[in-house]
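Worksheet for the structure shown next.
The values are calculated or read from the model by the stated rules, or taken from the named source; none is laboratory data. All values reported here derive from a predicted model rather than from experimental measurement. When we count neighbours, we look across all protein chains shown, and the Cβ atoms used for this are built from the backbone with ideal geometry, even at glycine.
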Amino acid sequence: MANTILVGAQWGDEGKGKIIDVLTGNADIVVRSQGGNNAGHTVIQGGKKYVLHLIPSGILRRGKMCVIGNGVVIDPVALVDEIEGLRKVGVRIGKNLLISDCAHLVLPYHRALDEQREQRQGHAKIGTTKRGIGPAYGDKAARTGLRMADLLQPELFTKKLEAKMRENNSILKALGARPISFAKVNRDFLAAGEKLRPFVANTVVYLHRALQQGKEILFEGAQGTFLDIDHGTYPYVTSSNTTAGGACTGTGVPPHRMDRVLGVMKAYTTRVGEGSLPTEDPAIAGMLHDMGREFGATTGRARRCGWFDAVATRYATMINGIDELAITNLDGLDTVDPIKVCVAYKLDGKTLEVPPSDAAQLIRCQPVYLEFPGWKKSTEKAKKLSDLPKAARDYAKKIAELTGARLSMISVGPARGQTLIL
Ligand code: GDP
Ligand code: IMO
Ligand code: MG
């Protein structure tokens, strides 16, 4: 039995949802441990496209349990919408979903504050998803947040909410923003709470019992290594630990129960939002956007694109303890020739093997590239490694070698079947 932590090894949107869908075939439980509905995980099943935001990507597979752990921040109204939206298209959601009673709530004032902070930052903005994620985690750290357990006690919730609304409305007014109606939020949230009540549980106890029974757990990371609040390109990060440790703190499953860490990385690099992206190149962005690729699953924003950055992914291997790698979107490079790979950064005449911690330094780093020949053939129909053109095989092996972990999967299209298991 192997419990697997799946993490994004870059800046998010690596194709985690697709790889989770493939791996769920062999797992019993899929758990989200951090982030909120800033995530957008795409799964294509039976020709239909699903984008999951708060619900684990395993929900599309019958007979699998899905758990939203204590480390996730939940907008209950958005979660009810997501559940109802999925049910409308035939996805069964009932006893297969559990939500931690300790998960913190995202409230409308968090979204309003997120929006205000971004607006007031002007050019220095983070480029958040405006889902209120930063302010919600801020309240959690300040020990003033509301949790799922509060929502299920209507009288207590109303009392706590009233105090929080008073405080946050005065902040919003001071920022020149419109205050939010307490009565409406209270009504909407209590209604959402009643719909969510059947799913709420002590998920720590559930997961430990499952482990005792020998069940196999898949931890579905959201965002990516360089968006981690501690290890990412601060301050251009999200507000949770997106790296492997987050899977433990965000679920209550201890480190010694984790068996492997799988890093997911695109065959090139993308990023949404602000902050440096050393290998960014408008040429590759233009090409991918012209193909209709690399538009955000949550906000629809065009993703910034660059060449594969092995300095970044090698660092990701170190932080997460990545044992195995899944390369996605190899087919995105089918028409590119030559293909560049960044193997080091140059900063003030020095060669760097690891990214500098300071955002101001990172932005001045110049990538040092190696060039690889393109294969200029479609890889989308490949079923096994030997179906790939030699140049594509060599490229995948080389970027895995530079990243420093064993290559175990290559994805050549968004569908489940477009996956080579090595
Ligand atoms: P996530 O947030 O890491 O789950 O990734 P997203 O779903 O936000 O973005 C990844 C995008 O790439 C989605 O549109 C996927 O359907 C798509 N995708 C994943 N793997 C592949 C692949 O190997 N090839 C192609 N063409 N698309 C892929
Ligand atoms: P998945 O799980 C890509 C980015 C935002 C912004 C920064 C902070 O689909 O990979 P936030 O709203 O979290 O405060 O925004 O983080 N970001 C993501 N980028 N994929 C994601 O999730 C992201 N979630 C947040 O664009 O730069
Ligand atoms: Mg995404």
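Here are some notes:
- Scanning the range 378-393 for residues that are exposed (fewer than 14 other Cβ atoms within 10 Å of the Cβ) and of a type outside the set (S, T, N, Q) turns up Glu380, Lys381, Lys383, Lys384, Asp387, Lys390.
- Subset tally (residues that are part of a loop (DSSP other than H, G, I, E, B) and either over 22 Å from Ala400 (Cα atoms) or within 16 Å of ligand 1 (Cβ to nearest atom) (or both)) for the range 211-257: 29
- The residues of the range 341-376 that are in a strand (DSSP E or B) and of a type in the set (D, E, K, R), listed by number, are Lys346, Lys350, Glu371.
- Failed item, numbered, when His208 is tested on (1) within 16 Å of ligand 2 (Cβ to nearest atom); (2) assigned to a helix (DSSP H, G or I): (1)
- Pick from the range 279-303, criterion under 22 Å from Gly36 (Cβ atoms) and of a type in the set (D, E, K, R), ranking: farthest from ligand 3 (Cβ to nearest atom): Arg301
- Qualifying helices (runs of 4 or more DSSP H) (wholly inside the range 68-142; at least 3 residues being more than 18 Å from Ile171 (Cα to Cα) and modelled with pLDDT of 95 or more): 76-88
- The residues of the range 29-85 that are farther than 19 Å from Gly134 by Cβ, within 13 Å of ligand 2 (Cβ to nearest atom) and touching a Gly at 6+ places or on another chain (Cβ under 7 Å), listed by number, are His41, Thr42, Val43, Val51, Leu52, Ser57.
Rundown of residues vs (1) buried (at least 21 other Cβ atoms within 10 Å of the Cβ); (2) aromatic (Phe, Trp, Tyr); (3) assigned by TED's automatic domain parsing to the domain that holds Arg393, yes/no style:
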{"position": "Glu294", "(1), (2), (3)": "yes, no, yes"}
{"position": "Arg301", "(1), (2), (3)": "no, no, yes"}
{"position": "Phe308", "(1), (2), (3)": "yes, yes, yes"}
{"position": "Ile327", "(1), (2), (3)": "yes, no, yes"}
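- Leu156 surrounded by 17 or more Cβ atoms within 10 Å (Cβ to Cβ), assigned to a helix (DSSP H, G or I) and assigned by TED's automatic domain parsing to the domain that holds Ala192: no
- Taken as a whole, the range 117-137 holds no residue that is more than 16 Å from ligand 1 (Cβ to nearest atom), closer than 18 Å to Asp188 by Cα, surrounded by fewer than 17 Cβ atoms within 10 Å (Cβ to Cβ) and free of Cβ contacts under 8 Å to residues at least 12 places away in the same chain.
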